[in-house]
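Take a look at the structure set out below.
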Ligand code: GLU
């Protein structure tokens, strides 16, 4: 199995590089705008500890919104179902940073993966703690899940987003006006920007995703019911207003970030991390989405059979 998969990934890597159809890097965060879009890496963690990888699978990148999966896992561990009083579980059908549905829903974001919903999740993680402690919990979760202590925050990326993140500032203030932010907006925002600025390689991210995919041999950190619920949210909401298209093309729960990362889970079978920093019109990795589609077709891992 691994040898066939390895060969497939090598071919996919070569094909993607030859096509050169990379998309555009996220320009609204200056530090990310400097990244070369012509990069690609993929890593697949298998049950029992196996790992197959190709391309720049060891290169670290800014995980950005992929971090929202893990901050949600931390919050579910802390307060469980109570989080759903503050944030919904419905696809948004809108851009990741849209303010429109917040007005309609009176400050209760539609899901924890759009920016407004992730701000609420991070705000909850800050309950009774300073930002450093909340960030230590997210980093601790990732390090334990990946069984790798060498996972850190890129302070330059966090600072860069803090300087230009006007939309997120607007979202946080809006949430505050509806009484759905407990901390001062600048505290929640600073924590959120740092969480998004965690950098990891595909190999590290695929290893961390094992706890959501429920792979044999993964650290026992999430109950099966929590892993199932997080996966359901990834399927419905993990790619913003491109979530339907991603489900149609790939058929697996996934979460993207504007750094070009995608975490993909094939429950019980594999945890996959893909990175290519050029984005499509939805703000999801262009070649990452293509690679996910090819992989699902090749392996038959789609949850829809
Ligand atoms: N830090 C980014 C933002 O809030 C995350 C968005 C994303 O990765 O989709 O704009």
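Every read-out reported here was derived from the displayed coordinates using simple, explicitly stated rules and does not represent laboratory data. What you see is a predicted model, and the numbers here were worked out from it, not measured in a lab. For neighbour counting, all protein chains shown are included, and Cβ atoms are generated from backbone atoms with ideal geometry for every residue, glycine included.
If you take the square roots of the eigenvalues of the alpha-carbon gyration tensor of the range 126-180 and sort them as a ≥ b ≥ c, do you get rounded (a/c under 1.5), prolate (a/b over b/c) or oblate? Numbers along the way, then the final one.
Working: a/c = 2.98, a/b = 1.59, b/c = 1.88.
Oblate.
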*With the Cα gyration tensor of the chain in hand, convert its eigenvalues to equivalent ellipsoid semi-axes via √(5λ) and list them largest first in whole Å.*
29, 20, 18
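Just check the range 54-153 against the gyration tensor rule for me: Cα atoms, a ≥ b ≥ c as the square roots of the eigenvalues, rounded for a/c under 1.5, and otherwise prolate or oblate depending on whether a/b exceeds b/c.
Taking the square roots of the gyration eigenvalues as a ≥ b ≥ c, the range 54-153 is oblate.
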*How do 152, 194, 239 rank when sorted from fewest to most other Cβ atoms within 10 Å of their own Cβ?*
152, 194, 239
*P(r), alpha carbons of the range 63-108 - 5 Å bins starting at zero, rounded %*: 5, 17, 23, 25, 22, 9
_Whole-number D in µm² s⁻¹ for the range 1-71, Kirkwood Cα-pair radius fed into Stokes-Einstein, 4 °C, 1.567 mPa s_ = 92
*How big is the gap, in Å, between the Cα center of the range 104-126 and the Cα center of the range 227-288?*
19
*Using only Cα atoms, tell me the angle between helix 166-177 and the longest principal axis of the chain; keep it within 0 to 90° and round to the nearest 10.*
50
*Order of 132, 68 from fewest to most other C-beta atoms within 10 Å?*
132, 68
*To the nearest whole percent, what portion of all C-alpha pairs in the range 207-305 is separated by more than 17 angstrom?*
45
_Area projected by the alpha carbon convex hull of the range 99-152, averaged over all directions, nm²_ = 4.6
*Specify the angular offset, from 0 to 90 degrees and rounded to the nearest 10, of the alpha carbon long axis of helix 131-146 from the longest principal axis of the alpha carbons in the chain.*
20
_Bins of 10 Å, starting at 0 and running to the largest distance - Cα pair percent for the range 150-222_ = 18, 33, 27, 21, 1
*When 299, 121 are ordered from fewest to most other Cβ atoms inside 10 Å of their Cβ, what list results?*
299, 121
*If the label point is 7 Å along Cα→Cβ of residue 2, which residues in the range 264-291 have backbone nitrogen under 18 Å from it?*
269-273
*Classify the range 28-109: rounded, prolate or oblate, from the alpha-carbon gyration tensor (a ≥ b ≥ c, eigenvalue square roots; a/c under 1.5 rounded; otherwise prolate if a/b is larger than b/c)?*
oblate
_Pairwise centroid distance, computed over Cα atoms, of the range 8-30 with the range 160-194, Å_ = 32
_Degrees, to the nearest 10: 224-237 long Cα axis against longest axis of the chain_ = 90
*Label-point gap, in nm, between residue 304 and residue 51 - each point 7 angstrom along Cα→Cβ*: 3.3
